[in-house]
Structure formats: C-alpha cells, structure tokens
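This report concerns only the one structure given below.
The values are calculated or read from the model by the stated rules, or taken from the named source; none is laboratory data. Given the structure is predicted, the values throughout are model-derived calculations rather than measurements. Positions of Cβ are backbone-derived with ideal geometry, glycine not excepted, and every protein chain shown enters the neighbour counts. Keep in mind that these areas ignore ligands, DNA and RNA; they rest on the heavy atoms of the full protein, side chains included. Shrake-Rupley method; radii C 1.70, N 1.55, O 1.52, S 1.80 Å.
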Amino acid sequence: MNTPPIYLDHQATTPLDERVLGTMLPFFTSEYGNPSSPHACGRTAARAIRTARREVTDLVGAKSELEIVFTSGATEANHLAILGAALAIRLHGGHIVTTAIEHKAVLAACQRLVDHHGYTLTRVGVDGYGRVHPADIAAVLTPNTVLVSVMHANNEIGTLQRLASIAEITAPRGIVLHTDAAQSAGSGLLDVAELGVDLASLSAHKLYGPKGVGALYIRGGTRITAQQTGGGQEHGLRAGTPNVPAIVGFGAAAHLITTDAVPPPTRIRALRDRLQDRLLTTIPGTIINGHPQMRLPGNLSLTLPGIEATDLLDRLPGIAASTGSACNTGNGDPSHVLTAIGLTRDQARATLRLSIGRTTTHTDIDQAADIITRTANTLTQAPANPT
C-alpha cells in the first residue's frame with residue numbers, strides 16, 4: 001500500500017472534513033428534494049439551505065442571511081461581484097481599480113468590463129511584502145471610479161491587506177469595495193463589518209468544505225445586476241437549481257469554524273514557523289516572501305536560490321506542494337504575484353509555496369523539512385550540464 005504524501009498544499013484546496021461529509025450525505029440520497037418544490041421533500045431541502053446560509057452569515061459576520069448568495073465557487077462570486085456591481089451603477093462612472101497581485105479570476109472579471117463594456121481599469125502596485133498602500137489607492141481614485149477590488153489575503157504569498165483603511169477611503173466617496181476572501185475565511189480572519197467591505201467572495205473548498213460551491217457576501221443596499229438569469233433563486237441574483245448537498249457542506253464547514261470545533265490558527269501558525277525556521281537554517285540563501293507578520297497563518301512562500309522549483313517538486317514525490325497558485329499550473333510564465341513584489345523571473349521560478357492546515361502534524365513538518373533540505377541541497381550542489 002502506497003504511503004500518502006505529506007500534504008502541504010492547503011491553499012490550493014483543503015481535504016473535506018469527515019463531519020462535513022456526514023452532513024452532506026443524506027442530501028445525495030434520502031433528502032433529494034428540490035428546494036423550490038412546495039411539498040415536504042422540497043421544504044426539507046429549503047430548510048437545509050436556510051441553515052447553511054445562516055452558518056455562512058455567522059462565519060463572515062454579516063448582519064442578515066439575505067446578504068449571502070450561494071455560487072459555484074469564488075470565481076463565479078468574483079464575477080458576480082465585479083461585473084454585477086459595476087454594471088448596476090454604470091451611470092455613476094466607468095472606472096474601476098484593483099491591484100497587481102489579484103487572483104486571475106478578479107483580473108479577468110475586471111478586464112471583461114474593459115473589453116466588453118468600455119470601462120477603464122487601474123492596477124495599483126504593491127510593496128516588497130505584497131501590501132498595497134491605502135494612499136496609493138486614494139491617489140488613483142477619480143469622480144468616475146465606481147468599484148475597488150482588493151483581495152484580503154494573497155493566495156501565493158499569504159499577505160493580508162489593510163482593507164479597513166481602504167474602506168475609510170472608498171466609503172465616503174460612495175465607491176463599492178469588493179474583496180476576494182477565498183483564502184482568509186477559513187482562518188477565521190474575515191469579519192465584513194470590521195473590514196468595511198461591501199462585497200466578499202468565498203469558496204467552500206478552501207475551508208474544508210466541498211468543491212463546486214462558494215458564496216458572495218453583499219452588504220445590504222449594495223446594488224448588483226444578476227449575471228445568471230432565469231429563475232428567482234438566490235434572491236434573484238443567481239438562477240438555477242441550488243446544489244443542496246454542496247451548500248449544506250459549505251454551511252457545516254463554516255459552522256465548525258465559528259464554534260471552535262477545529263484547531264485554532266495559532267496551532268497552524270506554530271507549525272508554519274517551525275517549518276520556516278528549519279528551512280531557513282538548513283538551506284543557505286533562502287528568502288521568505290510576503291509580510292513577516294501580516295499573512296495567513298499557514299502560508300510559507302520560499303525562494304530557494306539556484307534551483308528550479310518545478311525540478312525540486314519533481315524530486316519530492318513524498319510531498320504535495322506547489323510553486324504558486326494552482327490556477328497557474330502548466331503556465332510557463334513566472335507568477336505575476338512574485339514579479340509584482342520585485343522578484344526576478346529566475347527568483348520567481350525558484351519559489352516554492354508550502355501551506356499548512358488542520359491535518360498537518362509535527363511529524364509531517366519535521367519529515368518535510370528533512371526531505372526538502374536534502375533534495376534542495378543536492379540540486380544546488382549538482383554540477384552544471386556541459387554546453
């Protein structure tokens with residue numbers, strides 16, 4: 001029997017919590033009703049969705065369950081937020097602002113407004129830690145600006161943004177503030193009231209729930225134009241029969257976080273720091289990317305000079321890790337996030353992303369540190385191929 005790899009790629013996806021699976025299973029079999037149906041089977045499914053909506057509401061600190069719209073994932077939530085909000089207030093202006101390190105789903109949604117609807121777009125740069133300065137956001141706003149989209153936590157380097165400070169700039173101007181919070185919600189870091197955002201995109205599979213389901217938080221009073229029309233599901237903003245088992249699983253995963261039924265972020269941060277300290281000590285010249293304190297507790301982005309990260313991963317069959325965003329797999333270009341923080345193309349290609357989660361153990365950390373160190377040092381000491 002093959003030994004499973006040490007899983008250090010929780011930012012790509014998290015394993016489904018067995019307790020979450022347990023709540024989902026009946027809705028695949030005995031509780032199969034359509035929540036829009038008027039009979040008992042439909043009412044059971046509708047109640048389950050209401051429960052899940054309340055659980056996600058509690059997770060993000062929303063005021064009302066009416067502020068949560070279920071989607072197929074964070075990508076759809078990003079598109080609904082960015083296109084839906086911008087188009088709803090098109091008469092107020094046609095300028096949108098985002099940052100240079102956003103997830104490609106956000107950048108694609110913004111570009112769609114440019115290409116198909118005539119909007120203008122400003123991408124604001126970040127510092128060497130990957131943080132956008134609120135003053136830089138303020139400097140590019142115009143009377144024509146209608147939307148600002150800034151991710152809460154970066155999916156490659158883990159850096160957290162100062163959203164509350166940005167909200168203090170956008171709110172008085174009546175500018176809608178959206179955040180891609182797919183990475184931060186699972187760490188219990190997302191409080192929409194505290195951050196002052198109008199829109200927040202979520203994904204269940206980043207917080208030990210199922211794939212194929214997400215949500216968009218929409219602050220009460222924020223105008224949105226539906227992007228998927230037909231029936232009146234999801235407050236009229238997302239037509240189609242709801243994926244009941246997945247929504248139930250999303251709610252269950254959210255509930256585990258809000259009830260402290262999972263390991264606290266402090267445990268994950270301690271494991272991350274243990275791995276970081278080991279690798280910094282044993283692999284000379286290693287550089288840590290991202291903000292040293294203000295970043296996701298489980299994130300560790302490392303640049304290992306003198307290697308190709310893809311070569312390193314090929315030699316690490318016992319470890320599941322990545323070079324960056326899973327959405328960039330197969331793309332030969334260096335990460336736009338890493339080049340935005342000042343890394344050269346060679347440095348970007350020498351960067352490894354390790355992400356720790358609930359299932360990670362101290363033994364996993366120590367074994368991974370030993371394997372990565374041994375393999376990386378072997379690669380850097382190997383003689384160059386003759387030309």
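Here, the stretch 32-88 has an Rg and a Dmax of 13.8, 40 Å when only alpha carbons are counted. Here the label points at I371 and E65, each 7 Å from Cα along the C-beta direction, are separated by 4.4 nm in the simple model. Accessible area per residue (1.4 Å probe, heavy atoms of protein chains only) ranks L313, L16 as L16, L313, with the largest value leading. Rounded to the nearest 10 degrees, the angle from helix 104-117 to the longest Cα principal axis of the chain is 50 degrees.
Across the accessible surface of the chain, with the other protein chains kept in place and a 1.4 Å probe, carbon and sulfur atoms take up 53 percent. The Cβ shell under 12 Å around I307 holds other residues with a net charge of -2, Lys and Arg each +1, Asp and Glu each -1. Ordering of 65-76, 255-266, 87-98 by packing is 65-76, 87-98, 255-266, highest average first (other Cβ atoms within 10 Å, averaged per residue). Helix 74-88 and the longest principal axis of the C-alpha atoms of the chain enclose an angle of approximately 50°. The residues of the stretch 37-155 expose on average 38 square angstrom of accessible surface per residue, using a 1.4 Å probe on protein heavy atoms. FRET efficiency for the R50 to D191 pair, using the beta carbon distance and R₀ = 22 Å, is estimated at 0.50.
Could you state the per residue volume, in Å³, of the convex hull enclosing the Cα atoms of the stretch 30-171?
149
Within the assembled protein chains, the solvent-accessible surface assigned to D273 is about 60 Å², based on a 1.4 Å probe. Taken along its three principal axes, the alpha carbon spread of the chain comes to 69, 54, 37 Å, from the longest extent down to the shortest. The spacing between the stretch 92-140 and the stretch 1-52, judged by their C-alpha centroids, is 35 Å. With both labels modelled 7 Å from their Cα along Cα-to-Cβ, the E31 to R315 distance reads 5.1 nm.
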